[in-house]
Amino acid sequence: MAVTHKIGRRKTSVARIYLTEGNGEILINGKDYKTYFPTEVLQYKVLQPFQLTETLNQYNVKVNVYGGGVTGQVEAVRLAISRALVSIDAENRAHLKPEGLLTRDPRMVERKKFGQKKARKRFQFSKR
């Protein structure tokens, strides 16, 4: 099997993954995923596509992720892994699609407008 390369995005985070057959080793920016994402919830989100498709410990994953915060990064990684598993085996789509793992979350931070304090908040209005 050749290397499968996919991209996942969430907010301003971008995750590029390289999926190969192996023993389940997951490296994120050169570190083990358990040290890069220390909490159990984040670690669960990384492994979620593998658990749903029952392919845990069958693939090695090398991830380059940048931008955004921790939650945005972990959800970008999850989307990229899900896309890679579907490209390897189309039957995985039936397991991942109902869980919403193949959907790109389009919510981004709204830009600040001029003449206002923030995107929607105005400066304080003084009648007199």
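Computed from Cα atoms, the angle from the helix 40-53 axis to the main principal axis of the chain rounds to 50 degrees. In the chain, the sites counted are chymotrypsin sites (Phe, Trp or Tyr not before Pro) in DSSP loop states with at most 14 other Cβ atoms within 10 Å, and the longest stretch holding none of them, exclusive of the sites, is 1-113.
DSSP beta bridges fully contained in the chain are about 85 percent antiparallel. Ellipticity at 222 nm from helices only: DSSP H runs of n ≥ 4 in the chain, each -39500 (n - 2.57), divided by the residue count, give -9500 deg cm²/dmol. Restricting region 15-58 to GluC sites (Glu not before Pro) that sit in a DSSP loop and have at most 16 other Cβ atoms within 10 Å of their own Cβ leaves Glu25, Glu54. Relative to the longest principal axis of the Cα atoms of the chain, the long axis of helix 70-88 makes an angle of roughly 40 degrees. Spacing of the modelled spin labels on Val41 and Thr103, each 7 Å from Cα toward Cβ, amounts to 1.9 nm.
Of the trypsin sites (Lys or Arg not before Pro) found in region 76-127, those in coil by DSSP whose Cβ has at most 12 other Cβ atoms within 10 Å are Arg104, Arg107, Arg111, Lys112, Lys113, Lys117, Lys118, Arg120, Lys121, Arg122, Lys127.
Residue separation of Ala90 and Tyr66 scaled by 0.36 nm, minus their Cα-Cα distance, works out to 5.8 nm of gained length.
Between the alpha-carbon centres of region 64-78 and region 21-63 there is a gap of 13 Å.
Pairs to check: Lys34/Lys117; Lys11/Lys62; Lys62/Lys117; Lys6/Lys117. Give those whose C-alpha atoms are more than 31 Å from each other in this structure. Too far apart for the 31 Å limit: Lys34/Lys117; Lys62/Lys117; Lys6/Lys117.
Given the choices (i) 18.3, 73; (ii) 18.2, 56; (iii) 15.1, 44, Rg and Dmax of the Cα atoms in Å derived from the coordinates of this structure is entry (i).
Based on C-alpha pairs under 8 angstrom that are at least 6 apart in sequence, the chain has a relative contact order of 31 percent.
Quick note: the coordinates plus some simple rules give every number you see, no bench work behind them. Remember, it's a predicted structure, so these values are computed and weren't measured experimentally. Glycine gets a Cβ as well: all are built from the backbone with ideal geometry, and neighbour counts include every protein chain shown.
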